[in-house]
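Here the structure comes first, spelled out in structure tokens, and everything after it is commentary.
The values are calculated or read from the model by the stated rules, or taken from the named source; none is laboratory data. As the structure is a prediction and not an experimental result, all values here were calculated from the model. Neighbour counts run over all protein chains shown; Cβ positions are idealised from the backbone, glycine included.
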Amino acid sequence: MKVGLIDIEPKIFNTAYMQIATYYKRQGDIVEWWSPITHRQFDVVFCSSLFDYTDKSDVPRDVICGGTGFDVHSRLSRAIENCNLDYSIYPECRKSFLWFSRGCPRKCPWCVVPEKEGPIHPVPVKNLNPLTEYVVVCDNNFFANPEWAEAINCLRSLKFPCDFQGIDIRIIKEIQAYRLSQLRHFKRIKFAWDVTGDEQKVLAGIKCLVKYIKPYQLMCYVLIGYASTKEEDLYRVETLRNLGIDPFVMPIDRKDLYQRSLARYVNNKKIFKTATWSNYRQRVLKQEEAGCGWKS
């Protein structure tokens, strides 16, 4: 049998595709990347998407679609989920993707993780990429995992730099901050400050973390457009700036002019370091009025 994979998010190394490839190759099947020209050559075709905003208009109707970008409830079969990752389908990939846990104990209304993966639970660690240069730690809430200490020990034994996709700064303890500092890190350690009401817990967690890790090694996601005012958004951004921590704005609605403008201002560090938000915002509004801005 010949199995096709449709790559509609080419900037992503899709681990679902890696597991699908492992499963079918073990059965002696051929797995290749799909194209419109070769569509009729495949016996079965899969299309996976992580993001709901990805254009899916060219995906054929007879394709098996899944992933959060299609349906938050979609799941691979248990047999495929249990497979290791076939990194060979991405020969340019130089990183390994590891999960020590799935799910999350929190129920943030903007997040699909609890609905898709359930409560926090440890999971078996998958295989490493033979071409690994660093490890991506994909856990949604690493330190909520009751087996976090064993996970740290495993990462230390691998001796590769680690790229944590996110830690919950509100629950971090001093021993966890210390153990985190014992690892080699790839890029910055990431956490989030999603709502203004979490300020006390977030700042306490930051105070704990910076005892062992320098502020310039930290990056904080700032959610905007959900349940905050513009003043509260800017307050979080400037508080982080004053602490020496790199803020990264995450807009709920990418089409909203204010949200995408603030995201561009903060996330483009050349702009963020040389202009005030007030001046940048005025420039954006003038461009909009002149008909040469970012109107939806």
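Selection of segment 220-259 for residues being among the aromatic types (Phe, Trp, Tyr) and either over 20 Å from the mean Cα position of the chain (by Cα) or closer than 19 Å to Val210 by Cα (or both) yields Tyr221, Tyr235, Phe248, Tyr258.
Being assigned to a helix (DSSP H, G or I), of a type in the set (A, V, I, L, M, F, W, C) and under 19 Å from the mean Cα position of the chain (by Cα) is the filter here; which residues of segment 105-150 pass it? Scanning segment 105-150 gives Val113, Phe142, Phe143, Ala144. Among the residues here, Val266 does not qualify as under 19 Å from Ile172 (Cβ atoms) and either buried (at least 17 other Cβ atoms within 10 Å of the Cβ) or aliphatic (A, V, I, L, M) (or both). Among the criteria (1) in a helix (DSSP H, G or I); (2) in contact (Cβ under 8 Å) with a residue 12 or more places away in the chain; (3) of a type outside the set (Lys, Arg), the one Asn279 does not fulfil is (2). Within segment 77-84, does at least one residue satisfy the condition of being in a loop (DSSP other than H, G, I, E, B), in contact (Cβ under 8 Å) with a residue 40 or more places away in the chain and buried (at least 19 other Cβ atoms within 10 Å of the Cβ)? Taking every residue of segment 77-84 in turn, at least one turns out to be in a loop (DSSP other than H, G, I, E, B), in contact (Cβ under 8 Å) with a residue 40 or more places away in the chain and buried (at least 19 other Cβ atoms within 10 Å of the Cβ). In the set (1) under 22 Å from Pro109 (Cα atoms); (2) free of Cβ contacts under 8 Å to residues at least 60 places away in the same chain, the condition left unmet by Tyr226 is number (2). Among the residues making up segment 151-174, those that are of a type in the set (Lys, Arg) and outside any helix (DSSP H, G or I) are Lys159, Arg170, Lys173.
What are the residues in segment 239-259 that are exposed (fewer than 15 other Cβ atoms within 10 Å of the Cβ) and β-branched (Val, Ile, Thr), if any? Within segment 239-259, Ile252 is the sole residue that qualifies.
Against the list (1) surrounded by 15 or more Cβ atoms within 10 Å (Cβ to Cβ); (2) part of a loop (DSSP other than H, G, I, E, B), the condition Lys187 fails is (1).
The single condition among (1) part of a helix (DSSP H, G or I); (2) closer than 24 Å to Asp52 by Cβ that Asp198 does not meet is (2). Set side by side, the residues Ser35, Ser74 differ, and just one is outside the structural domain of Pro161 (by TED's automatic domain parsing), of a type in the set (Gly, Ala, Ser), more than 21 Å from Cys138 (Cα to Cα) and without any contact (Cβ under 8 Å) to a residue 60 or more places away in the chain, which is Ser35.
Report whether or not Tyr212 is over 18 Å from Lys270 (Cα atoms), of a type in the set (Phe, Trp, Tyr), outside any strand (DSSP E or B) and within 21 Å of the chain's Cα centre (by Cα). No; evaluated as a whole, the condition is false for this residue. Cβ-Cβ distances below 7 Å connect no pair with a first residue in segment 143-166 that is assigned by TED's automatic domain parsing to the domain that holds Pro124 and within 17 Å of Asn129 (Cα to Cα), a second residue that is acidic (Asp, Glu) and surrounded by 14 or more Cβ atoms within 10 Å (Cβ to Cβ), and a separation of six or more residues or different chains. Restricting the search to segment 255-276, which residues are of a type in the set (A, V, I, L, M) and not in a helix (DSSP H, G or I)? Matches in segment 255-276: Ala275 only.
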